[in-house]
Structure formats: C-alpha cells, structure tokens
C-alpha cells in the first residue's frame, strides 16, 4: 500500500526560535558603558564565544576603550571597535547606532551597562539635590531607554536578538547609593518588562540586578564598605564584575527563553536588607 503523500516528503526541522546556544560566532554585541568594569568583563566573555564587540563609551579619549579592546580575543567575524556616544545625548546614540551598522553589521546583542551615582544617605533630604536627581535619571533611566530606541531598528532584522539592562537590587530594596538611583533602577526594571512585551517577538529584553560589586562604581566606597557588606551577605563576599558578566552571558546563551525578567546576582544580599 502506498504511503500517504504527506509521509513521502522529507521534512526539514524548523529551528526553534530562542533556543539555547553554546557559541555566538558572527554576532555583533554593542556594550554601552563598555569601558567600565562590568562592560569590559562582559565584552571579554562574549568575545570568547565568537562575538564581535562594539564598545560604546562617552569619551573624550580612547585610552580606556582601547585598553578593553586590546584584551579581547580576535574573532573570525572581524575586528572589535569602539564608538563614542553620550547616553544623555540621543543624537549621539543615533549616530553611533548608524556607525555600528555600517562598519560591523546590525547588532544582535545590546548591553546597557552605562551608569552614574553618588552616595547620599536616604535621610539626607537636602543632600539629594534637584540637579543630582535629574542627572541620575538622565543617565540611568533615560539613557538606557534612548539606547534601546537607537539600536532597536537594526536589531529587529537579526534573529534571536536580545537587550540586557544592568539594574540594581536597590530597585526593590530601596537601599543603595541614594534614593534617586534606587528609583531610576526601579524604573529600569519596569522598562525591561514593558519593552519585553512591546518589542517581542523580534527582540528579547532582560536584566541583571547586582548588589554590591567591587568596581569602585560608587565614589567614596572602598575596602571597609565592601568588608562590611560581605559580612552581611549570605555568601560572605561582595560581587565582582565577572559575576555580573557571567549572568549577562547566561541570559544571552543558556537562558535564551527568558524574557521580561531581571536576574538577581548579589550573593543573597537582598535577603538581609
């Protein structure tokens, strides 16, 4: 008996969208704040998986970005590169996005790791000035949104593209460098959820939420502060930039079906606050 016609035709498996991957060869990753500690470590880990890295930094000089580029392994897709843009200047982000697409091809990965803060105790109401509040929101919230806005059009053309926003546990504990920073990061978490719905299925949007990280990000906080924070953290140490970078890479590769979620990477510190 002849088989039904549909059984005779050879079938070609359809690739599953957003399936886990081990390698990222040929992909372009844009890391905004790429000259910073978390951005640099993320660049190193992504390049090791075959990613061509585009570092976006505020300038004015290329020294820090060049140092990061020099430590990255070469990849077959072409050289890594650095681009200058200020996240509070949307026009410069638009220019940088166009330059990345023209020189390297469309971005498949966007990491928002640029940030700014200043230590002000929550009870010091006068210390949190209008100018500082505005600057914190401009850099940490508006800057992240403007970056997504600038790069999303080119990312929509790339299968399995993903945006990773770097947030903070201050967003949900209310404790951190200052109240405005906590509020801006709470807004970042909400933005991650909202854009994950709005930009799907072309783009995934996820986040990572570090606690205290040994990077010098908060001016004035050093070894003494870190030692106290480590003692109060269940895993008994503060984070390193590479802890955050590994979480970002996991969201891009292994946790490829995650969308709209922010992963906490703090050694359990939020449990004690």
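Residue-by-condition table, conditions (1) outside any helix (DSSP H, G or I); (2) surrounded by 22 or more Cβ atoms within 10 Å (Cβ to Cβ); (3) touching a helix residue (DSSP H, G or I) at 6+ places or on another chain (Cβ under 6 Å):
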position: 158; (1), (2), (3): yes, no, no
position: 164; (1), (2), (3): yes, yes, yes
position: 175; (1), (2), (3): yes, no, no
position: 181; (1), (2), (3): no, yes, yes
position: 184; (1), (2), (3): no, yes, yes
position: 193; (1), (2), (3): no, no, no
position: 196; (1), (2), (3): no, no, no
Checklist entry - In the stretch 144-154, which residues are touching a strand residue (DSSP E or B) at 6+ places or on another chain (Cβ under 8 Å) and surrounded by 24 or more Cβ atoms within 10 Å (Cβ to Cβ)? => result 144, 147, 151
Checklist entry - Taking the condition over 25 Å from residue 47 (Cβ atoms), surrounded by fewer than 19 Cβ atoms within 10 Å (Cβ to Cβ), touching a strand residue (DSSP E or B) at 6+ places or on another chain (Cβ under 7 Å) and touching a residue at least 40 places away in the same chain (Cβ under 8 Å), does residue 188 pass? => result no
Checklist outcome for this item: Of those in the stretch 10-42 that are touching a helix residue (DSSP H, G or I) at 6+ places or on another chain (Cβ under 9 Å) and farther than 20 Å from residue 143 by Cα, the residue surrounded by the most Cβ atoms within 10 Å (Cβ to Cβ) is 28
Checklist entry - Do the conditions hold for residue 106, that is, is it more than 16 Å from residue 143 (Cβ to Cβ), modelled with pLDDT of 95 or more and touching a helix residue (DSSP H, G or I) at 6+ places or on another chain (Cβ under 7 Å)? => result yes
Checklist entry - Do the conditions hold for residue 46, that is, is it at pLDDT 95 or above, touching a strand residue (DSSP E or B) at 6+ places or on another chain (Cβ under 7 Å), surrounded by fewer than 24 Cβ atoms within 10 Å (Cβ to Cβ) and outside any loop (DSSP other than H, G, I, E, B)? => result no
Item to check | So residue 258, is it in contact with a helix residue (DSSP H, G or I) (Cβ under 9 Å, 6 or more places away or on another chain), at pLDDT 95 or above and outside any helix (DSSP H, G or I) | outcome: yes
Next on the checklist: Can you find a residue that is touching a residue at least 40 places away in the same chain (Cβ under 8 Å), farther than 24 Å from residue 209 by Cα and in contact with a strand residue (DSSP E or B) (Cβ under 8 Å, 6 or more places away or on another chain) anywhere in the stretch 108-122?
Outcome noted: no
Item to check | Candidate set: the stretch 231-249, residues that are touching a residue at least 12 places away in the same chain (Cβ under 8 Å), part of a helix (DSSP H, G or I) and out of contact with any helix residue (DSSP H, G or I) (no Cβ under 7 Å at 6 or more places or on another chain); chosen: the one nearest to residue 117 (Cα to Cα) | outcome: 243
Checklist entry - Does residue 88 qualify as being part of a loop (DSSP other than H, G, I, E, B), in contact (Cβ under 8 Å) with a residue 40 or more places away in the chain, in contact with a helix residue (DSSP H, G or I) (Cβ under 8 Å, 6 or more places away or on another chain) and buried (at least 19 other Cβ atoms within 10 Å of the Cβ)? => result no
Checklist entry - Of all residues in the stretch 14-43, which are farther than 24 Å from residue 209 by Cβ and either in a strand (DSSP E or B) or at pLDDT 95 or above (or both)? => result 19, 22, 23, 25, 26, 27, 28
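Among the residues of the stretch 117-148, what is the count of those that are in a helix (DSSP H, G or I) and over 15 Å from the mean Cα position of the chain (by Cα)?
9
The values are calculated or read from the model by the stated rules, or taken from the named source; none is laboratory data. Given the structure is predicted, the values throughout are model-derived calculations rather than measurements. Heads up, the Cβs are rebuilt from the backbone with ideal geometry, glycines too, and the neighbour counts pull from every protein chain shown.
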